[in-house]
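Engineer: Shown below is the structure under consideration.
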Amino acid sequence: MFSGIVFDLAKVKSVRSKGGLKILEIRLNKNIKNPEKGMSIAVNGVCLTASLIKNAREFHADVTAETMKKSTLSEIRAGSPVNVEFPVQPHGFLSGHIVQGHVDCTGIIKDVKKENGNVIITAGYPQEFARYIIEKGSVCVDGISLTAFDVKKNAFSVSVIPETLNSTGVKFYKNGSKVNLEFDIIGKYIERQLKADNGEIK
């Protein structure tokens, strides 16, 4: 489980294919704490498994065909900046919100503008996911926990403070940029329970 608080804006060192997988070699600017092969790591909001830990700042992660189909990782190239987060520890703070690293869909940046020192990002998304996002609710954009406002059936906006802008890939967003979106898991469980109560799930 993650929280949507980015640990580091890292860089993809290399990308190669092997047996249907895309293998990302990622280099961090900070040391990994207690690195272990097989640990979960969120890359642009996608939960991946570290297949190799080279050192305290470099690791490999394998991306399956299904993950590439559902996320923007299919477009990752050597030199691409990526948001990286490590799992929440049981004794730590949950500073953002509950994030699984299971991308629901991709969205498209529709507008980027500065306002009162912050940056307002508007993203479009498939209308079928509208039931999972609410005004002032949490949404995960490329692994970043943000608060949605001006929510419409196929678009929403978020306000990004300077700290988040400077320490994540948001600084590279422009109109037409593609982003990974994960909606709040709590709403999904509630929806399923209601369907079960109504006899819609056998």
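Engineer: Please find, among ILE190, ILE161, ILE186, the residue that is over 20 Å from GLY124 (Cβ atoms) and surrounded by 13 or more Cβ atoms within 10 Å (Cβ to Cβ). I'd like the intermediate steps shown before the answer.
Structural biologist: Details: ILE190 fails: surrounded by 13 or more Cβ atoms within 10 Å (Cβ to Cβ); ILE161 fails: surrounded by 13 or more Cβ atoms within 10 Å (Cβ to Cβ).
Checking each option against the conditions leaves just ILE186.
Engineer: Considering only segment 136-148, I want to know if a residue exists there that is over 17 Å from the mean Cα position of the chain (by Cα), at negative phi and of a type outside the set (Lys, Arg). Spell out how you get there, then give the answer.
Structural biologist: Residues of segment 136-148 that are over 17 Å from the mean Cα position of the chain (by Cα), as a first pass: 136.
So of that shortlist, the ones also at negative phi come out as none.
For segment 136-148, residues over 17 Å from the mean Cα position of the chain (by Cα), at negative phi and of a type outside the set (Lys, Arg): absent.
Engineer: Give just the number: which of (1) of a type in the set (A, V, I, L, M); (2) at pLDDT 95 or above; (3) part of a loop (DSSP other than H, G, I, E, B) does VAL88 not satisfy?
Structural biologist: Unmet condition: (2).
Engineer: Tally the residues that are outside any loop (DSSP other than H, G, I, E, B), touching a Gly at 6+ places or on another chain (Cβ under 8 Å) and buried (at least 19 other Cβ atoms within 10 Å of the Cβ), restricting the search to segment 13-47. Show your work before the answer.
Structural biologist: Step one: of segment 13-47, the residues outside any loop (DSSP other than H, G, I, E, B) are 13-18, 21-27, 40-43, 46-47.
Next, from what is left, pick out any that are touching a Gly at 6+ places or on another chain (Cβ under 8 Å): 40, 42-43, 46-47.
Those left that are additionally buried (at least 19 other Cβ atoms within 10 Å of the Cβ): 42-43, 46-47.
Residues in segment 13-47 being outside any loop (DSSP other than H, G, I, E, B), touching a Gly at 6+ places or on another chain (Cβ under 8 Å) and buried (at least 19 other Cβ atoms within 10 Å of the Cβ): 4 in total.
Engineer: For segment 49-68, what are the residues that are part of a strand (DSSP E or B), farther than 17 Å from PRO87 by Cβ and not polar (S, T, N, Q)?
Structural biologist: Across segment 49-68, the qualifying residues are LEU52, LYS54, GLU58, HIS60, ASP62, VAL63.
Engineer: Here's something else I'd like to know. Residues LYS30, LYS22, LYS54: which one is under 21 Å from THR168 (Cβ atoms) and either among the charged types (D, E, K, R) or in the same structural domain as PHE183 (by TED's automatic domain parsing) (or both)? Steps first, answer last, please.
Structural biologist: Values: LYS22 fails: under 21 Å from THR168 (Cβ atoms); LYS54 fails: under 21 Å from THR168 (Cβ atoms).
The match here is LYS30.
Engineer: Still on this model: Suppose the filter is surrounded by fewer than 20 Cβ atoms within 10 Å (Cβ to Cβ), under 12 Å from ASN180 (Cβ atoms) and of a type in the set (A, V, I, L, M, F, W, C); does ILE120 pass it?
Structural biologist: On the way: surrounded by fewer than 20 Cβ atoms within 10 Å (Cβ to Cβ): yes; under 12 Å from ASN180 (Cβ atoms): no; of a type in the set (A, V, I, L, M, F, W, C): yes.
Here the answer is no, as ILE120 does not meet what is asked.
The values are calculated or read from the model by the stated rules, or taken from the named source; none is laboratory data. Here the structure is a predicted model, which means the values were calculated and not measured. A quick note on method: Cβ atoms are made from the backbone with ideal geometry, for glycine too, and the neighbour counts reach across all protein chains shown.
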